[in-house]
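To start, the structure itself, in structure tokens.
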Number of protein chains: 2
Amino acid sequence: MIPEVLIARFAATATPPHDAMSIIRLALFDWAVCAIAGRDEPIARILRDLAEAEGAVGDRLPPARAALINGATSHALDYDDTHFAHIGHTSVAVMPAVLALSQGRTLDEVLQAALIGSEVAVRVGLWLGRDHYQIGFHQTATAGAFGAAMAASRLLGLTQPQMIAALGLVSTKAAGLKSQFGTMGKPLNAGLAAETGVLAAQWAAGGMTSADAGLGGALGFGATHHGAGDMAGFRRMGDDWLMRDVSHKFHACCHGLHATLEALKGLNGEVAELTITTHPRWMSVCNILTPRSGLECKFSYRMVTAMHLSGISTAAIDSYSDQAATDPALADIRARVHVHEDAALTEMQAQIDVTYDDGRKAELFHDLNAPLDPATRHDRLMQKARAVVGGAMAEDLWGAVGADDTRALARLIG
Amino acid sequence: MIPEVLIARFAATATPPHDAMSIIRLALFDWAVCAIAGRDEPIARILRDLAEAEGAVGDRLPPARAALINGATSHALDYDDTHFAHIGHTSVAVMPAVLALSQGRTLDEVLQAALIGSEVAVRVGLWLGRDHYQIGFHQTATAGAFGAAMAASRLLGLTQPQMIAALGLVSTKAAGLKSQFGTMGKPLNAGLAAETGVLAAQWAAGGMTSADAGLGGALGFGATHHGAGDMAGFRRMGDDWLMRDVSHKFHACCHGLHATLEALKGLNGEVAELTITTHPRWMSVCNILTPRSGLECKFSYRMVTAMHLSGISTAAIDSYSDQAATDPALADIRARVHVHEDAALTEMQAQIDVTYDDGRKAELFHDLNAPLDPATRHDRLMQKARAVVGGAMAEDLWGAVGADDTRALARLIG
């Protein structure tokens, strides 16, 4: 059995449940916040400047080019959502693709397509498996392109055979390497996934043919890209919706710090000393003891803890400044924060042992995998939006994702 | 040592020798013939229709889109050139990229860039090696994208660090699978290579950053795409020019038939019976004994031999018709043609044992690897051009590749 048929059938016929639709609406909102926040990043400017130099701006941008620019822009700050089941950022690939093709569609149709495409991205990512990621492929770009293509195909109303052709075309075009991390190549990968999704759907709609088993067949994408090929995830498509578990970032720093920052919310007193225990994997990722720049602050347990204890917003992008890195008051607090590793914790968990000024001791704990109820998720995302794009824009964006169509959203994204 | 530095230095500084420039001018001519001949193929129409629907046609096409369309169009008939050292079609990736960026450049600059880019494509292909191809990657698309990027980068005058960034960007974008063969995905792959080359050069020129060792480093393109990583070929860049050995197709059929068709030119009398001996590899590729359609004629030793003996042009695309497949006269001749395999021959060689009507016997032989002198190559390409696009267009194209710039060529390609 190859996955193409199952994916196309799901993408063409699935009817998403109400609760998953609520989550994808929040995901669209958060994605839009990230897209606006990333607007002045270098990758965004370079891509926009090129489009302008070629005479194609705003409404005159071909959908695929718009998807590329919005995908890269929204991933530029790495503040967008993640799905940990397959380690990929789903919205930066899928949302730009559906937004680029949303003219004349209702917002509900757009959200359905986005949800279905996101679900496909996660399932393809699970099917490709951990080896695919470990060997060097960036799932956001690879699995993401298949998801973006199914989202675009659903929105354009492709038939199942056309969707299979679209999957074949993605199979020969999808790409993206993790070795780009730390360069503009990382956000570019997200943009390329969104662009590939739009193009594959447009090409298939226009009658382009492709390998019937381009993804799952012999010499297909999976076979050539170290895919494991576990079909189990595809068989459950439509029965459960993995996008319910999408993770949103509420802090503008490395995801490895988030469980700690969530656990810190349990503090109730002045802190004398504090020990963070976390999974060993993060030691080489985000345990810079004495950060020297704003960027390094984003990868420092001690620093983000000191920021939290000083009442500095860890959600606001501007908080992670060179000035903060060298602030003596923050350095004093940092000195009272210790970091331990313990393989008994999962990568998503953090434990904090705190001694308060008054001599009390307490143990705090947070697991990022713990479900977040929709109301709390909404509130947290609104707080994040206000911190990142300001209160007025946050309200406008929330209004736009509740409108009848995407015109208001498209105007705000620009 | 990673290849990036060597490639960028070569692309930025190499001065091609005169004889290699003559070859690349012929390659540009032949590529243009293929691009015009492919114009009405479905893949070409689908891509043009999409561009038109999006309001971007002719002069208003962004260069990357023009490169995509021209790359796919020129490979649609599979009549374009091949470099057998790395098994890739070089011109369909490189020529559309330089043509798309040729405004304001002299033809000499364009040809230098094309030659240098083609040379890079072949060297990257050799560095990736046979495993890369065997596992399922289409070298025309993968190695071709690196060549197209260096051609575009040379033409845009990028610095060596910018060229290294361009190589990094290609590393995270290049893709293309052999499992697309037999579908429109195959010519699409060529177009994607050309498009990737243009975009990577434009992006790097605009300041986009990428992994410094995106091609040759840990988790780079080579490591993730089953590359062998033999550096020997890169070290000889600039000393010898492998593009001197590019192969042009003079017959509009499977390359496995070409040595036979060349050997048949040695006939001098009416043929009673004839036995072709060829490498075993071709038995499953192009030995259809009784073709039923024009397409199957392109994969039949017996059929193309019958066509040659009947004076039907094997260079003209129209010769391979459904009507020819069922023609009783051709079937009669076919019955006197036999095909044998012999592993002692190379894949590029064919031997023919002929018995003439008058009882004479003779042995004919051809090796496609035998060097072709430039004058003969020119004459053969002109004959091909006349058979494929007609005498007037052939003359116009030949004039256009001898002009001061590419304006005439761009007008003819459309």
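Since every read-out is calculated from the coordinates, none of them should be taken as a lab result. None of these values were measured; they are calculated from a predicted model. All Cβ positions, glycine included, derive from the backbone under ideal geometry; neighbour counts span all protein chains shown.
Structure notes:
- With a Förster radius of 41 Å applied to the beta-carbon distance between residue A:267 and residue A:22, the computed FRET efficiency rounds to 0.85.
- Cα centroid separation, the range B:80-144 to the range B:3-61: 10 Å.
- What sits nearest the axis between copies A and B, counting only chain A Cβ atoms, is the residue and whole-Å distance A:175, 2.
- Residue among A:220, A:247, A:152 farthest towards the positive dipole end of the range A:145-258, charges placed on Cβ: A:247
- In the assembly of identical copies, residue B:356 has its label point, taken 7 Å from Cα in the direction of the beta carbon, separated from the corresponding points by 11.1 nm (ascending, one decimal).
- Between residue B:215 and B:221, the built amide H atoms are under 5 Å apart, and every one of these is 5 or more places off in sequence or on another chain.
- Counted by Cβ distance under 15 Å from residue B:77, the other residues give a net charge of -1, where Lys and Arg count +1 and Asp and Glu count -1.
- Pseudo-label separations to other copies for residue B:292 - Cα-to-Cβ vector, 7 Å, nm: 7.3
- Estimated from helices alone, the mean residue ellipticity of chain A at 222 nm is -16000 deg cm²/dmol (sum of -39500 (n - 2.57) over DSSP H runs with n ≥ 4, per residue).
- Förster radius 45 Å - calculated FRET efficiency between residue A:53 and residue A:355 (Cβ-Cβ, nearest 0.05): 0.15
- Under 14 Å, Cβ to Cβ, from residue B:29 - net charge with Lys/Arg +1 and Asp/Glu -1: 0
- Cα gyration tensor category, rounded, prolate or oblate, for the range A:255-367 with a/c compared to 1.5: oblate
- Of all lysines in the structure, those lying under 20 Å Cα to Cα from residue A:298, and not within fewer than 8 positions of it along the same chain, are A:178, A:186, A:249, A:265, A:384.
- In terms of its C-alpha gyration tensor, the range A:30-184 comes out oblate, because a/c is 1.5 or above while a/b does not outweigh b/c.
- Cα-centred dipole magnitude for the range B:139-266, charges only on beta-carbon of K, R (+1) and D, E (-1), debye, nearest 20: 240 debye
- Bins of 10 Å from zero: percent of alpha-carbon pairs in the protein assembly as shown: 3, 13, 22, 22, 18, 11, 6, 3, 2, 0, 0, 0
- Taking a sphere under 10 Å around the Cβ of residue B:279 and counting the other residues whose Cβ falls inside, with K and R at +1 and D and E at -1, yields a net charge of -2.
- Test item: A:208-217 mean partner chain Cβ contacts at 10 Å: 5
- Overall form of chain A per C-alpha gyration tensor (a/c, 1.5; a/b vs b/c): prolate
- Peptide A:218-225 - average C-beta neighbours from other chains (10 Å radius): 5
- Position residue B:207: other-copy label points at 4.5 nm, ordered by increasing distance, label point 7 Å along Cα→C-beta.
- Student exercise, the range B:364-414 dipole from Lys, Arg, Asp, Glu Cβ charges, in Debye to nearest 20: 180 debye
- Toward the positive end of the charge dipole of chain B, with +1 on the Cβ of Lys and Arg and -1 on the Cβ of Asp and Glu, the farthest Cα among B:15, B:36, B:256 is that of B:15.
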